[in-house]
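*Asks:* Please find one structure pasted underneath; my questions will follow.
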Amino acid sequence: MSDDSRLPAVEIQGLRKVYQQIIAVDDISLVTYRGEAFGFLGPNGAGKSTVVKILTGLVAPTKGTVRVLGQPVNHVQIRRQVGYLPEFPSFHRWLKARDFLEFHGRLFGLKRTMLEKRIGEVLARVGLAGRENQKLSTFSKGMLQRIGLAQAIINKPDLVILDELVSGLDPVGQRDMRELLRELKAEGTSIFLNSHLLADVEAICDRVAIINQGRILKVGAPAELFDKKKVLEVRVDHVSEELLSRLHTVALDIQHGDDDPCYLLIEIERDEQAADIADIIHAYGARLYTLAPRQVSLEQIFFQTIDALA
Amino acid sequence: MGLLLITRFTIQEAFHRWLLLAMLLLNILLLAVFALMLNAAYSNQLAHAPSQSNPQLFLLEFDLIISILSVWAAYLLSGAMTIVLSINMTSGEIEGGTFSVIVSKPLHRAEIIFGKWLGFALILCVYTAMLFFTFLGLIYWRTGYFPENALAALGMLELSTLVLLALTTLGSTLFPTLVNGAIVIMLFIGAPLASFVQLISTTPGATAQNISTIVNLVIPTDALWHGASYYLIPSFLYSILQQRGVLSDLNTPFTSIQPLSPALFTWAILYCIVLPIIGVIRFQRRDL
């Protein structure tokens, strides 16, 4: 991170947004810092996009203050340093890729010589080199996402705000975009990533806020944030009350998995306790067929976290 | 700077839309048909011109009628083009989602609306002038007649175009495209009704006059057309008809024997300024 890494990139204080009588965002406060990649994670309808739209000046808050790079969000000049890609980017599709980037570059105030240089650079960066003269109307959804990101970074912004970056991208595209964001972050660009995909925020973000029903439930580093339980899948030849009783001396919790009485899900506190589990089973005289850590999807962890916090 | 960028972009976009091209092609077709019909009608008129009485006055009547009708056609075409081209000026961008990446750029929302307004105003004013001069040019080519106050008439038509544009600009920030279109078309078509009512009522009273005034305040396009028609009639003709006591014969739903009143002229200019400003204020407060 750069020297000014403790300077705020985004400051939100007591933010509230009400559409008619529907509360989209309810008393949100958070700070992200320069050079930090910050993930905003939540299910659809959680209020993520509303916050992003407020950050980009598209929506006015009902209450609260929002500052971007130290300035109020309605400060026009500060937007020269902010790039934004909406969730479902819709562009003037009659434009060619070059003309599209030239128009948006000019809106950022870039001069002709700089523009020429930047158009080539960003097209190459988002994987669209050689597509300069192709009309956007012939672009696939993934290519539109890429050109959308290109317009967001053409001004070399200090802060990039991205709303669901990888929607519409194939796995290769998703990997490329994540790699590109990592590069931007390495260059010192602050990133505010709105996503419902845990893989995105885990791969890119330093910190994550979980939002649900318009409220922030938790903020922290991804590794700390999700309460990943250590669960072992254990299969033995037979199970008795005595064996379960012995296992309970080590295990935090034991559950029967599936319909097989000999298949157990054993929650432990530390990894090395797996060996204790094996010893207990051997000492009891049972045959151990399986002892493996249980694979839990990130989505499952996310929803467990939301349920636990809610 | 941002304003001019948006203006340039608006003009570029208009030329990339098939709509403008289709309208222009149809106009060329229409003008070609008009030229053929004018040629045939004028030849016929020449053949039937009375030899003993004043043939020049006879031909002037033809020149005058054809000039007024063709400029009226230019007024209608210009109005149609204004509505079709600018009806989704703001609402279309909002509905299409294309504003998200533009409004978030370092420019004021007012620059976006005024920039688009300026772009459309330039296109439409040039279009109106081209139509106007093409119609009158064809008439001049065939008959040798050209209204002495043509520029004043054109000024009225241009103002009428800008009035309509001001209305679509405001409506486009307030309503969805379809609703805006319905409102503007109804007003544009409905505006001459006040003139018709005044004509058919033998003794137009205060109520008819008040209704006409209100209609002209809500949508001054018809009043501006009447103002334009006044300048299409040669000034000497007014004198002759006044001497003969038949000047009121020129007071029809399509023509006027009086220029646009200064008050209505001022109102039309204010209309062109105030409505887009209200549109900007509305757009500045609108969530996208």
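*Asks:* May I ask you to say which residue of B:Arg286, B:Arg282 is assigned to a loop (DSSP other than H, G, I, E, B) and not small (Gly, Ala, Ser)?
*Replies:* On the way: B:Arg282 fails: assigned to a loop (DSSP other than H, G, I, E, B).
Checking each option against the conditions leaves just B:Arg286.
*Asks:* Moving on to the next point. Please go through the stretch A:94-108 and pick out each residue that is at the interface with another protein chain (Cβ under 9 Å from one of its Cβ atoms) and either surrounded by 17 or more Cβ atoms within 10 Å (Cβ to Cβ) or within 30 Å of the chain's Cα centre (by Cα) (or both). Give the steps one after another, and end with the answer.
*Replies:* The initial filter retains those residues of the stretch A:94-108 that are at the interface with another protein chain (Cβ under 9 Å from one of its Cβ atoms), namely A:94-95, A:99, A:103-104, A:106-108.
Selection gives A:Leu95, A:Asp99, A:Phe103, A:His104, A:Arg106, A:Leu107, A:Phe108.
*Asks:* Find the residue count for the stretch A:8-64, including only residues that are of a type in the set (D, E, K, R) and touching a Lys or Arg at 6+ places or on another chain (Cβ under 7 Å). Spell out how you get there, then give the answer.
*Replies:* Step one: list which residues in the stretch A:8-64 are of a type in the set (D, E, K, R), which gives A:11, A:16-17, A:26-27, A:34, A:36, A:48, A:53, A:63.
Remaining after also requiring touching a Lys or Arg at 6+ places or on another chain (Cβ under 7 Å): A:11, A:16, A:26-27, A:36, A:63.
Qualifying residue count, the stretch A:8-64: 6.
*Asks:* Please verify whether A:Val18 is within 14 Å of another protein chain (Cβ to nearest Cβ) and surrounded by 16 or more Cβ atoms within 10 Å (Cβ to Cβ), treating the condition exactly as stated. Quick ask: steps written out before the conclusion?
*Replies:* On the way: within 14 Å of another protein chain (Cβ to nearest Cβ): yes; surrounded by 16 or more Cβ atoms within 10 Å (Cβ to Cβ): no.
The answer is no for A:Val18.
*Asks:* Do you know which residues across the stretch B:102-117 are within 14 Å of another protein chain (Cβ to nearest Cβ) and of a type outside the set (Gly, Ala, Ser)?
*Replies:* From the stretch B:102-117, those within 14 Å of another protein chain (Cβ to nearest Cβ) are B:102-112, B:115-116; that's our starting set.
Across the stretch B:102-117, the qualifying residues are B:Ile102, B:Val103, B:Lys105, B:Pro106, B:Leu107, B:His108, B:Arg109, B:Glu111, B:Ile112, B:Lys116.
*Asks:* With the requirement that a residue be at the interface with chain A (Cβ under 10 Å from one of its Cβ atoms) and free of Cβ contacts under 8 Å to residues at least 12 places away in the same chain, what does the stretch B:62-101 give you? Spell out the reasoning first.
*Replies:* Our first condition is that a residue be at the interface with chain A (Cβ under 10 Å from one of its Cβ atoms); within the stretch B:62-101, this holds for B:93, B:95-101.
Within the stretch B:62-101, B:Glu93, B:Gly96, B:Gly97, B:Thr98, B:Val101 qualify.
*Asks:* Among the helices (runs of 4 or more DSSP H) lying completely within the stretch B:185-276, list those that include at least 3 residues that are among the polar types (S, T, N, Q) and more than 19 Å from B:Thr161 (Cα to Cα). Full working, then the answer.
*Replies:* Details: elements: B:193-200, B:206-218, B:221-232, B:235-244.
Those helices (runs of 4 or more DSSP H) span B:206-218, B:235-244.
*Asks:* What are the residues in the stretch B:254-272 that are β-branched (Val, Ile, Thr) and free of Cβ contacts under 8 Å to residues at least 12 places away in the same chain, if any?
*Replies:* Within the stretch B:254-272, the first condition is being β-branched (Val, Ile, Thr), and the residues that meet it are B:255, B:257, B:266, B:269.
The answer is B:Thr266, and nothing else.
*Asks:* Now for a different question. Could you please find all residues in the stretch B:12-22 being surrounded by 14 or more Cβ atoms within 10 Å (Cβ to Cβ) and either more than 19 Å from B:Ala121 (Cβ to Cβ) or touching a helix residue (DSSP H, G or I) at 6+ places or on another chain (Cβ under 6 Å) (or both)?
*Replies:* B:Ala14, B:Leu20
*Asks:* Could you please find all residues in the stretch A:186-219 being part of a helix (DSSP H, G or I) and either outside the structural domain of A:Arg16 (by TED's automatic domain parsing) or under 14 Å from the mean Cα position of the chain (by Cα) (or both)?
*Replies:* Going residue by residue through the stretch A:186-219, those that are part of a helix (DSSP H, G or I) are A:186, A:198-204.
The answer is A:Leu198, A:Ala199, A:Asp200, A:Val201, A:Glu202, A:Ala203, A:Ile204.
*Asks:* If you don't mind, another one. Is the stretch A:199-222 home to any residue that is farther than 29 Å from A:Arg146 by Cβ and surrounded by 22 or more Cβ atoms within 10 Å (Cβ to Cβ)?
*Replies:* Looking through the stretch A:199-222, at least one residue is farther than 29 Å from A:Arg146 by Cβ and surrounded by 22 or more Cβ atoms within 10 Å (Cβ to Cβ).
*Asks:* Sticking with this structure for a sec: So B:Ile65 fits all but one of (1) surrounded by 14 or more Cβ atoms within 10 Å (Cβ to Cβ); (2) under 19 Å from the mean Cα position of the chain (by Cα); (3) hydrophobic (A, V, I, L, M, F, W, C); (4) at pLDDT below 90; what number is the exception?
*Replies:* If we test B:Ile65 against (1) surrounded by 14 or more Cβ atoms within 10 Å (Cβ to Cβ); (2) under 19 Å from the mean Cα position of the chain (by Cα); (3) hydrophobic (A, V, I, L, M, F, W, C); (4) at pLDDT below 90, just (1) comes out false.
*Asks:* Just a yes or no: is a residue in the stretch B:231-253 surrounded by 14 or more Cβ atoms within 10 Å (Cβ to Cβ), free of Cβ contacts under 8 Å to residues at least 60 places away in the same chain and in contact with an Asp or Glu (Cβ under 9 Å, 6 or more places away or on another chain)?
*Replies:* Looking for residues that are surrounded by 14 or more Cβ atoms within 10 Å (Cβ to Cβ), free of Cβ contacts under 8 Å to residues at least 60 places away in the same chain and in contact with an Asp or Glu (Cβ under 9 Å, 6 or more places away or on another chain), one finds at least one in the stretch B:231-253, hence yes.
*Asks:* Mind listing whichever residues of the stretch B:84-94 are surrounded by 19 or more Cβ atoms within 10 Å (Cβ to Cβ) and among the hydrophobic types (A, V, I, L, M, F, W, C)?
*Replies:* First, pick out the residues of the stretch B:84-94 that are surrounded by 19 or more Cβ atoms within 10 Å (Cβ to Cβ): B:85-91, B:93-94.
Once the filter is applied, which keeps residues that are surrounded by 19 or more Cβ atoms within 10 Å (Cβ to Cβ) and among the hydrophobic types (A, V, I, L, M, F, W, C), the stretch B:84-94 yields B:Leu85, B:Ile87, B:Met89, B:Ile94.
*Asks:* Next question. Only one residue in B:Ser239, B:Ser195, B:Ser248, B:Ser235 is among the polar types (S, T, N, Q) and in contact with a Pro (Cβ under 7 Å, 6 or more places away or on another chain), so which one is that?
*Replies:* Working: B:Ser239 fails: in contact with a Pro (Cβ under 7 Å, 6 or more places away or on another chain); B:Ser248 fails: in contact with a Pro (Cβ under 7 Å, 6 or more places away or on another chain); B:Ser235 fails: in contact with a Pro (Cβ under 7 Å, 6 or more places away or on another chain).
Step by step, each of B:Ser239, B:Ser195, B:Ser248, B:Ser235 is checked, and only B:Ser195 is among the polar types (S, T, N, Q) and in contact with a Pro (Cβ under 7 Å, 6 or more places away or on another chain).
*Asks:* Within the stretch A:220-292, considering only helices (runs of 4 or more DSSP H) that don't extend past its boundaries, which have at least 1 residues that are in contact with a helix residue (DSSP H, G or I) (Cβ under 8 Å, 6 or more places away or on another chain) and modelled with pLDDT of 90 or more? If you could, list the steps in order and put the result at the bottom.
*Replies:* Numbers: elements: A:222-225, A:241-247, A:273-284.
Once the helices (runs of 4 or more DSSP H) in the stretch A:220-292 are filtered for at least 1 residues that are in contact with a helix residue (DSSP H, G or I) (Cβ under 8 Å, 6 or more places away or on another chain) and modelled with pLDDT of 90 or more, what remains is A:241-247, A:273-284.
*Asks:* Just the residues that are among the β-branched types (Val, Ile, Thr), surrounded by 16 or more Cβ atoms within 10 Å (Cβ to Cβ) and either more than 23 Å from the chain's Cα centre (by Cα) or assigned to a loop (DSSP other than H, G, I, E, B) (or both), please, taken from the stretch A:109-122. I'd like the intermediate steps shown before the answer.
*Replies:* Going residue by residue through the stretch A:109-122, those that are among the β-branched types (Val, Ile, Thr) are A:113, A:119, A:122.
Checking which are surrounded by 16 or more Cβ atoms within 10 Å (Cβ to Cβ) leaves us with A:119, A:122.
A:Ile119 - this is the single residue of the stretch A:109-122 that is among the β-branched types (Val, Ile, Thr), surrounded by 16 or more Cβ atoms within 10 Å (Cβ to Cβ) and either more than 23 Å from the chain's Cα centre (by Cα) or assigned to a loop (DSSP other than H, G, I, E, B) (or both).
*Asks:* Looking at B:Thr143, B:Thr169, B:Thr134, which is the one that is away from chain A (no Cβ under 14 Å) and surrounded by 23 or more Cβ atoms within 10 Å (Cβ to Cβ)? Spell out how you get there, then give the answer.
*Replies:* Working: B:Thr143 fails: surrounded by 23 or more Cβ atoms within 10 Å (Cβ to Cβ); B:Thr134 fails: surrounded by 23 or more Cβ atoms within 10 Å (Cβ to Cβ).
Result: B:Thr169 is the single residue among B:Thr143, B:Thr169, B:Thr134 that is away from chain A (no Cβ under 14 Å) and surrounded by 23 or more Cβ atoms within 10 Å (Cβ to Cβ).
*Asks:* Can you tell me which residues in the stretch A:67-84 are within 19 Å of A:Arg6 (Cβ to Cβ), in a strand (DSSP E or B) and either within 24 Å of the chain's Cα centre (by Cα) or within 8 Å of another protein chain (Cβ to nearest Cβ) (or both)?
*Replies:* A:Arg67, A:Val68
*Asks:* May I pose another question? Looking at the stretch B:259-279 only, could you name the residues that are touching a Phe, Trp or Tyr at 6+ places or on another chain (Cβ under 6 Å) and farther than 21 Å from B:Gly227 by Cα? Write out each step before concluding.
*Replies:* Looking only at the stretch B:259-279, we keep the residues that are touching a Phe, Trp or Tyr at 6+ places or on another chain (Cβ under 6 Å), and these are B:259, B:276.
Within the stretch B:259-279, just B:Pro276 meets the criteria.
Residue-by-condition table, conditions (1) farther than 16 Å from B:Leu118 by Cβ; (2) touching a residue at least 24 places away in the same chain (Cβ under 8 Å); (3) under 23 Å from the mean Cα position of the chain (by Cα):
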{"residue": "B:Gly2", "(1), (2), (3)": "no, yes, no"}
{"residue": "B:Ile11", "(1), (2), (3)": "no, yes, yes"}
{"residue": "B:Phe15", "(1), (2), (3)": "no, no, yes"}
{"residue": "B:Leu19", "(1), (2), (3)": "yes, yes, yes"}
{"residue": "B:Asn27", "(1), (2), (3)": "yes, yes, yes"}
{"residue": "B:Leu31", "(1), (2), (3)": "yes, yes, yes"}
{"residue": "B:Met37", "(1), (2), (3)": "yes, no, no"}
{"residue": "B:Asn44", "(1), (2), (3)": "yes, no, no"}
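*Asks:* For the stretch A:123-140, what are the residues that are within 14 Å of another protein chain (Cβ to nearest Cβ) and in a helix (DSSP H, G or I)?
*Replies:* Taking the stretch A:123-140 first, the residues within 14 Å of another protein chain (Cβ to nearest Cβ) are A:135-137.
Of everything in the stretch A:123-140, those that are within 14 Å of another protein chain (Cβ to nearest Cβ) and in a helix (DSSP H, G or I) turn out to be A:Leu136, A:Ser137.
The values are calculated or read from the model by the stated rules, or taken from the named source; none is laboratory data. Just so it is clear, the structure is predicted and the values come from calculations on it, not from any experiment. We place every Cβ from the backbone using ideal geometry, glycine too, and count neighbours over all the protein chains shown.
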